[in-house]
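Okay, so here's the structure we're looking at.
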Amino acid sequence: MSSIQATRLRKGNLVKLGNDLFRILEVLHLTPGNKRGFIQARMRNIRTTTLSDQKFRAEEDIERATLDEREMQYLYNDADHYYFMDTSTFEQIQIASEALGDSKAYLIPDALIRVEFYDIEPMGIELPPTVDLLVKETVPGIKGATASAQVKPATLETGLVVQVPPFVNEGDRVRVSTETGEYQSRA
């Protein structure tokens, strides 16, 4: 386990405080008047998904957590968990729905996903920049419609609803950004 000085914390770092792991979401370096500088960090607890703000002295060392990534195949989900299989050992793991957050909307069965592990515990997943999803439901397209400023809602196979151009129809595959959740193109 390596340590990092508080002044070197960056957005996206994973740190260990006590027995909990936190993902750094925002970092502010503050120097109030004639007092010592400190670091204000907004963090999300990986296990409980709660947000917290933490102050660190500028010279303080923070324990940095490192994650291992393994490529796994998404199999299926039930009400509470999502199930993945290691493609080399065929070992299956489950990740709680809450731990995946918004990432769930981009998972389709058999997709290869990078799963992040801390020791032997799965922490979350790393999605590709875009995914191709099937349009399950949308209002019919308008004949001769071009890509204008008009958009309409489309429900995709995972339940995700995105705004699409009028020429997209049910049964089409569309490419969606996993970062913004926005329609990119037809696939």
* Structure fact -> Length gained if THR31 through GLU157 is fully extended, taking 0.36 nm per residue and subtracting the Cα-Cα distance, is 40.4 nm
* Asked: So how much accessible area does ASP110 have, in Å² to the nearest 10, using a 1.4 Å probe?
  -> 100 Å²
* Asked: Over the Cα atoms of the range 1-83, how large are the radius of gyration and the largest Cα-Cα distance (Dmax), in Å?
  -> 16.0, 57
* Beyond 20 Å between alpha-carbons counts as too far, so tell me which of LYS16/LYS104; LYS104/LYS152; LYS35/LYS55 fall in that bin. => LYS16/LYS104; LYS104/LYS152
* Asked: Roughly how compact is the range 37-85, stated as its Cα Rg over 2.2 N^0.38 Å to two decimals?
  -> 1.75
* **Label-point separation, ARG57 to ARG186 (7 Å along Cα→Cβ), nm** => 6.3 nm
* So what's the back-of-envelope 222 nm ellipticity for the chain, counting only DSSP H runs of four-plus at -39500 (n - 2.57) apiece and dividing by all residues, rounded to 500? -> -500 deg cm²/dmol
* Asked: If you put +1 on each Lys and Arg Cβ and -1 on each Asp and Glu Cβ, how big is the dipole of the chain around its Cα centre, in Debye rounded to 20?
  -> 980 debye
* For the range 152-187 and the range 1-72, compute the distance between their C-alpha centroids and round to whole Å. => 36 Å
* Asked: If you bin every alpha carbon distance in the chain into 10 Å steps from zero, what whole percent lands in each bin?
  -> 9, 28, 26, 21, 13, 4, 0
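The values are calculated or read from the model by the stated rules, or taken from the named source; none is laboratory data. Everything quoted here is computed from the prediction, not taken from an experiment. Reconstructed Cβ throughout: ideal geometry from the backbone, glycine too, with neighbour counts over all protein chains shown. These accessible areas exclude ligands, DNA and RNA; they are computed on the full protein's heavy atoms, side chains included. Shrake-Rupley method; radii C 1.70, N 1.55, O 1.52, S 1.80 Å.
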